[in-house]
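Participant: So that we are looking at the same thing, I have put the structure below in structure tokens.
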Amino acid sequence: MNEKGMTLIEILASMVILSIIIISFLSLFIQSSKSNQVAQKIIDTTYIAETAMEEMYGIIRSNNTLATLPIPTGYSRSVNDQTRVVYVKYVSTHYVEVELTSAVNDPLVRVKVKVYNDNKKTKLEAQMEMLLNWKSSG
């Protein structure tokens, strides 16, 4: 017998096989998209923390003590005592908190930058810490 076309069963079988393959690829693409969104959020918050750290580095390298620190542009000071200063500001939709601690006459200052999703500090999204020298007085 000479067959010149495909039967209805062959067409349905090929459609089912193609559907299974397409559905499995769709779930892979959806998961990949979710992973990309999470990675982008991590990159964004890390960049915000890094920028705040660089701002503090510049200020610390041009001062000798916590008492002589100016308030950086865009920040407000929420805590200010002899051994600890805390600056806060909003960057896009994030709340940035920068804590500087240094004992009196200590040549080092500890800088801690925290990036939260809001000012209630419900979720810490990024954190960086660094130990820096004050400006040399000589």
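The values are calculated or read from the model by the stated rules, or taken from the named source; none is laboratory data. Note that the structure is predicted; figures quoted are calculated from it, not measured. Every residue, glycine as well, gets a Cβ built from its backbone with ideal geometry; the counts of neighbours run over all protein chains shown.
Participant: Would it be correct to say that SER78 is polar (S, T, N, Q) and touching a helix residue (DSSP H, G or I) at 6+ places or on another chain (Cβ under 7 Å)?
Facilitator: Considered against the rule, which asks whether it is polar (S, T, N, Q) and touching a helix residue (DSSP H, G or I) at 6+ places or on another chain (Cβ under 7 Å), SER78 comes out as no.
Participant: Being over 16 Å from the mean Cα position of the chain (by Cα), under 30 Å from THR122 (Cβ atoms), exposed (fewer than 10 other Cβ atoms within 10 Å of the Cβ) and not charged (D, E, K, R) is the requirement here; does THR83 meet it?
Facilitator: On the way: over 16 Å from the mean Cα position of the chain (by Cα): yes; under 30 Å from THR122 (Cβ atoms): yes; exposed (fewer than 10 other Cβ atoms within 10 Å of the Cβ): no; not charged (D, E, K, R): yes.
Here the answer is no, as THR83 does not meet what is asked.
Participant: Then there's this: Would you check which residues across region 19-70 are touching a strand residue (DSSP E or B) at 6+ places or on another chain (Cβ under 8 Å) and more than 15 Å from VAL91 (Cα to Cα) and list them?
Facilitator: Listed by number, the residues that qualify are MET56, TYR57, ILE60, ARG61, LEU66, LEU69.
Participant: Just to verify a result, which residue in region 111-132, among those that are farther than 19 Å from LYS41 by Cα and within 15 Å of the chain's Cα centre (by Cα), is surrounded by the most Cβ atoms within 10 Å (Cβ to Cβ)?
Facilitator: Only one residue fits best here, namely LYS112.
Participant: Quick one: what pairs do we get from region 36-48, first residue over 11 Å from VAL115 (Cβ atoms), second modelled with pLDDT of 95 or more and loosely packed, with under 13 Cβ neighbours inside 10 Å, C-beta under 6 Å, 6+ apart or different chains?
Facilitator: none
Participant: Looking at ALA13, ALA49 in this structure, which one is surrounded by 13 or more Cβ atoms within 10 Å (Cβ to Cβ), of a type in the set (Gly, Ala, Ser) and more than 17 Å from LYS135 (Cα to Cα)?
Facilitator: After applying the criteria, what remains is ALA49.
Participant: Across region 94-110, which residue is modelled with the highest pLDDT among those that are among the hydroxyl-bearing types (Ser, Thr, Tyr) and buried (at least 18 other Cβ atoms within 10 Å of the Cβ)?
Facilitator: TYR95
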